[in-house]
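Participant: Input: one structure, supplied below.
The values are calculated or read from the model by the stated rules, or taken from the named source; none is laboratory data. Given the structure is predicted, the values throughout are model-derived calculations rather than measurements. Ideal geometry is used to build each Cβ from the backbone, glycine not excepted, and the neighbour counts take in all protein chains shown. Side chains are part of the model used for accessible areas, which takes the heavy atoms of the whole protein and leaves out ligands, DNA and RNA. Shrake-Rupley method; radii C 1.70, N 1.55, O 1.52, S 1.80 Å.
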There are 2 protein chains.
Amino acid sequence: MKIGELAEKSGLTAHTLRYYEKSGLLKASGRSASNYRIYTKGDLETARFIKRARTIGFSMDEVGTFLSIRSDLPKHVCADAKALADTKIKEVKHQIEELQSVLKALHRLSDACCGGSESAEYCTIIEALEHEDPVPMQH
Amino acid sequence: MKIGELAEKSGLTAHTLRYYEKSGLLKASGRSASNYRIYTKGDLETARFIKRARTIGFSMDEVGTFLSIRSDLPKHVCADAKALADTKIKEVKHQIEELQSVLKALHRLSDACCGGSESAEYCTIIEALEHEDPVPMQH
DNA sequence: CTTGACCTTAGACTATACTCTAACCTCTAA
DNA sequence: TTAGAGGTTAGAGTATAGTCTAAGGTCAAG
């Protein structure tokens, strides 16, 4: 199949597929006489694999690692794949914690403010930003 | 004071301060005879204001809005400031929810995998990425 | 034979928030 | 006077993941 069909079947765009090729994630299996990219059913499965992994939150780099495991399973062990997942879990947990501390800081700002049509001269939000030290966001 | 001193006192770098000037967040109050940026105590307070707002999670654009409120408080009402905070709260909550669904998907991957030194030929993580439809991440 | 849909490439652009570089100028202290 | 610290500018680079454009080639149908 040509790139348009793969795009439709995989839910990616042709642009993105070419970009993935340039990035080394998914190379077309061949070329037609007129130099069109030709993809196989296996390529479609790979495209879907990539899309699922991206949706779950893996970066293109991490997807690349999965693909290299996938391309030669007997050479790899479960621990290889699990390590990727577990590292990602730690990262995501950390991001959630950060956002929760941001949320707390925002609530402290918002809850103290009347939010009414009073002049902002004594607005507690502006006040707090003038003087309060926010919980630092570490990353 | 010159940019270096302001950098030290505000916790921003001179680079960042110049960048903020270019972006319209914080302009130096004046220039010396030798064209050095000259900042006042008021500028220092503004720099700290910006830093606090950024730390809490506001974008540079949003900080700009806060600054325009702050620069003429009588013209604005509490609702203006609170609206910014509450919009941000919604955004952050949404991001947290997204990450939590990502985390769930990751746990589903990881928990099913033995993680041992068995060959990856039957690795459930790879399997899942081949076939399972992940919870889509909406944004 | 032409129209329109689809394909090709290299390369520029988007967004966010810096971060750094090169080449040059200024100021202070020894 | 000279070294070194610190200042100036425009502009490029970093990171991520696309997204789009221009200029052209290919193919099937009418």
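Participant: Hey, can you tell me all the residues within segment A:19-35 that are surrounded by 13 or more Cβ atoms within 10 Å (Cβ to Cβ), within 9 Å of DNA strand C (Cβ to nearest atom) and not acidic (Asp, Glu)?
Facilitator: Scanning segment A:19-35 gives A:19, A:28.
Participant: Here are A:16, A:55: which of them is farther than 30 Å from residue A:124 by Cβ and either touching a Leu at 6+ places or on another chain (Cβ under 8 Å) or within 16 Å of DNA strand C (Cβ to nearest atom) (or both)? Talk me through it step by step, then tell me what you get.
Facilitator: On the way: A:55 fails: either touching a Leu at 6+ places or on another chain (Cβ under 8 Å) or within 16 Å of DNA strand C (Cβ to nearest atom) (or both).
Selected residue: A:16, the only one of A:16, A:55 that is farther than 30 Å from residue A:124 by Cβ and either touching a Leu at 6+ places or on another chain (Cβ under 8 Å) or within 16 Å of DNA strand C (Cβ to nearest atom) (or both).
Participant: Report yes if residue B:84 is in contact (Cβ under 8 Å) with a residue 12 or more places away in the chain and either facing another protein chain (nearest Cβ under 7 Å) or surrounded by 18 or more Cβ atoms within 10 Å (Cβ to Cβ) (or both), otherwise no.
Facilitator: Details: in contact (Cβ under 8 Å) with a residue 12 or more places away in the chain: yes; either facing another protein chain (nearest Cβ under 7 Å) or surrounded by 18 or more Cβ atoms within 10 Å (Cβ to Cβ) (or both): yes.
Judged against the criteria, residue B:84 is a match.
Participant: Moving on to the next point. Based on what the data block shows, is residue A:16 of a type in the set (Ser, Thr, Tyr), open to solvent by less than 60 Å² (accessible area, probe 1.4 Å) and out of contact with any Lys or Arg (no Cβ under 6 Å at 6 or more places or on another chain)?
Facilitator: Details: of a type in the set (Ser, Thr, Tyr): yes; open to solvent by less than 60 Å² (accessible area, probe 1.4 Å): yes; out of contact with any Lys or Arg (no Cβ under 6 Å at 6 or more places or on another chain): yes.
Yes, satisfied.
Participant: Out of the residues in segment A:87-115 meeting the condition of being open to solvent by 50 Å² or more (accessible area, probe 1.4 Å) and among the basic types (Lys, Arg), tell me which one is nearest to the other protein chains (Cβ to nearest Cβ). Outline the logic, then answer.
Facilitator: Residues of segment A:87-115 open to solvent by 50 Å² or more (accessible area, probe 1.4 Å): A:87, A:90-91, A:93-95, A:97, A:100, A:104, A:107-108, A:111-112, A:114.
With the extra rule that they be among the basic types (Lys, Arg), the set shrinks to A:90, A:93, A:104, A:108.
Numbers: A:90: 10, A:93: 7, A:104: 10, A:108: 9 Å.
Among those that are open to solvent by 50 Å² or more (accessible area, probe 1.4 Å) and among the basic types (Lys, Arg), it is A:93.
Participant: Being in a helix (DSSP H, G or I) and either closer than 14 Å to residue A:89 by Cβ or open to solvent by 20 Å² or more (accessible area, probe 1.4 Å) (or both) is the filter here, so list the residues in segment A:54-64 that pass it.
Facilitator: Looking only at segment A:54-64, we keep the residues that are in a helix (DSSP H, G or I), and these are A:54-56, A:60-64.
Once the filter is applied, which keeps residues that are in a helix (DSSP H, G or I) and either closer than 14 Å to residue A:89 by Cβ or open to solvent by 20 Å² or more (accessible area, probe 1.4 Å) (or both), segment A:54-64 yields A:54, A:55, A:56, A:60, A:61, A:62, A:64.
Participant: Moving on to the next point. Could you look through segment B:36-53, keep only residues that are part of a loop (DSSP other than H, G, I, E, B) and either in contact with a His (Cβ under 9 Å, 6 or more places away or on another chain) or within 13 Å of DNA strand D (Cβ to nearest atom) (or both), and pick out the one that is most open to solvent (accessible area, probe 1.4 Å)?
Facilitator: Looking only at segment B:36-53, we keep the residues that are part of a loop (DSSP other than H, G, I, E, B), and these are B:36, B:39-40.
Filter once more, keeping what is either in contact with a His (Cβ under 9 Å, 6 or more places away or on another chain) or within 13 Å of DNA strand D (Cβ to nearest atom) (or both): B:36, B:39.
Working: B:36: 124, B:39: 7 Å².
Going through the qualifying residues, I end up with B:36.
Participant: State which residue is farthest from DNA strand D (Cβ to nearest atom) when the search covers only segment B:2-13 and only residues that are surrounded by 19 or more Cβ atoms within 10 Å (Cβ to Cβ) and in a helix (DSSP H, G or I).
Facilitator: Within segment B:2-13, the subset surrounded by 19 or more Cβ atoms within 10 Å (Cβ to Cβ) is B:3, B:6-7, B:10, B:12.
From the residues that got through so far, the ones that are in a helix (DSSP H, G or I) too are B:3, B:6-7, B:10.
Numbers: B:3: 4, B:6: 8, B:7: 7, B:10: 12 Å.
Filtering first and then ranking leaves B:10.
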